[in-house]
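A quick write-up on the structure given underneath.
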Amino acid sequence: MPLYPTSDSSSLTPEQLARLDDTFFASNPASYWRARIDDLLREPTPIDYRSALAAQVTGYGLDESLLSMTAPTEAERELQRALDAFALRHHLAESLLRLVHAVITGWNTPGSNIWVSLTSNRDSGYELVKELRDFAGQGEVPANLFMPAADVKALAEDPPSNVVSAIRMHWRWVQRAMRLLVGEGLEASVGNNKLKHGLAVRAHDELRVNFMAESPAPDGSVRLSAIKSGSSIVDARAIEFLERLPGRHEHAGSWEITVLNLRPAPLIAEALMLSTVWASVFATAAADRFVGPDEAKPRHPGLLLGPPPEAIVREVLGYRQALTVSTKTGTSRGLSVETANGIVELKQTAPGSTAIIVDD
């Protein structure tokens, strides 16, 4: 007997839709996010290629030296961890927005199905964010996005301030996810796509870029104190990617290079916050739709939440440099740095050069 009922119709039947939602909400995908976060927090340890999973892999006839000879160094493993933290944060941001969109759409669509909606939605990030921002513009964020309908109904007419604050904090993280997907600053979303599709990025840990407290001397030398007292732009592991701006852009056709800092701690902290909000939305939707036993429902993480986005995103994010002018306008966006407070446009007055660092 098939697991799901079948139909002669080209559309899913109400019975099938109900069964699919029950199946979807009986899972615990929130644990997938937490497991990935925990893997990033776990310190790398040497691998014994003759035991456990590694032994099973080599058991297919692979030479053990294939693993040992190509093993990354400790520094390379740390770089990979930073890169995976960057990818995980973006994966979470997009997944959260698609889940929120599916739930909100379902409120106005009788007989809708969350799993089907998530599967069918082919909106780009721009379309998705526009719809969610239009929704937010209609008024206060509804509590039943993050709390089961029964719990919302049980609230007093004047809800407790801690509940109101928690709901608003959840939405602030949804808004953070929107900015990650479609922002006005450096486009992390583009970097993530370049990382996913073809690994068309360069990750490195040797680049240091600073604002200096004073100009170089005529001979090109720079005092060490001027560097130490300046503000860092790129000061850690970084991801570098190339982009040619698309036709819809004001500077279409311009080639640009972007460098983003890869600081594991804030990236993982953001991922943890986004995963908590994701779990709240998923568990709330399950509580409102799932008809199976209570013990099979995913557990709601509660409304207790940590810091707002600005408490984590406090440092310079990176910089962007135009390499060519636009084929449309004959101009470019030039050189820009993104701080926690927004984009800072810089004017390049001379070609790049190599400075000589001298002690004071």
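Summary of values
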quantity: Residues within the stretch 288-304 that are open to solvent by less than 40 Å² (accessible area, probe 1.4 Å) and part of a helix (DSSP H, G or I), tallied; calculated: 1
quantity: The stretch 306-335 residues that are open to solvent by 40 Å² or more (accessible area, probe 1.4 Å), paired with ones that are of a type in the set (D, E, K, R) (beta carbon under 6 Å, 6 or more apart); calculated: LEU317/GLU338
quantity: ASP8 vs. criteria of a type in the set (Asp, Glu) and open to solvent by 100 Å² or more (accessible area, probe 1.4 Å); calculated: yes
quantity: Candidate set from the stretch 61-101 (those that are at pLDDT below 95 and of a type in the set (Gly, Ala, Ser)); member that is nearest to VAL129 (Cα to Cα); calculated: ALA75
quantity: Inter-residue pairs, beta-carbon under 6 Å, first among the aromatic types (Phe, Trp, Tyr) and in the stretch 119-134, second part of a loop (DSSP other than H, G, I, E, B), 6+ apart; calculated: TYR126/VAL182
quantity: Residue in the stretch 70-88 that is touching a residue at least 12 places away in the same chain (Cβ under 8 Å), in a helix (DSSP H, G or I), touching a helix residue (DSSP H, G or I) at 6+ places or on another chain (Cβ under 9 Å) and of a type in the set (Lys, Arg) present; calculated: yes
quantity: TRP255 being crowded, with 19+ Cβ neighbours inside 10 Å and among the aromatic types (Phe, Trp, Tyr); calculated: no
quantity: Verdict on ALA55 being small (Gly, Ala, Ser) and modelled with pLDDT of 90 or more; calculated: no
quantity: Condition met for ASP63 (within 27 Å of ARG289 (Cα to Cα) and either outside any helix (DSSP H, G or I) or in contact with an Asp or Glu (Cβ under 8 Å, 6 or more places away or on another chain) (or both)); calculated: no
quantity: Identity of the residue in the stretch 49-87, among the small types (Gly, Ala, Ser) and in contact with a Phe, Trp or Tyr (Cβ under 8 Å, 6 or more places away or on another chain), that ends up most open to solvent (accessible area, probe 1.4 Å); calculated: SER68
quantity: Top-ranked residue of the stretch 237-250 - restricted to ones that are open to solvent by less than 20 Å² (accessible area, probe 1.4 Å) and touching a Leu at 6+ places or on another chain (Cβ under 9 Å), ranked as nearest to ARG333 (Cα to Cα); calculated: PHE241
quantity: Selection from the stretch 324-349 of residues that are closer than 19 Å to VAL234 by Cα and assigned to a loop (DSSP other than H, G, I, E, B); calculated: GLY334, ALA340, ASN341, LYS347, GLN348
quantity: Listing of helices (runs of 4 or more DSSP H) fully contained in the stretch 124-201 that carry 2 or more residues being farther than 30 Å from VAL291 by Cα; calculated: 125-136, 161-181, 188-196
quantity: Those residues of the stretch 40-55 which are without any contact (Cβ under 8 Å) to a residue 24 or more places away in the chain, of a type outside the set (Gly, Ala, Ser) and assigned to a helix (DSSP H, G or I), in sequence order; calculated: LEU53
quantity: When residues of the stretch 15-39 are limited to those that are outside any helix (DSSP H, G or I) and open to solvent by 50 Å² or more (accessible area, probe 1.4 Å), the one nearest to ALA93 (Cα to Cα); calculated: ASN28
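The values are calculated or read from the model by the stated rules, or taken from the named source; none is laboratory data. Since this is a predicted model, take the numbers as computed values, not measurements. When we count neighbours, we look across all protein chains shown, and the Cβ atoms used for this are built from the backbone with ideal geometry, even at glycine. Note: accessible area is taken over every heavy atom of the protein model, side chains too, but ligands, DNA and RNA are not part of it. Shrake-Rupley method; radii C 1.70, N 1.55, O 1.52, S 1.80 Å.
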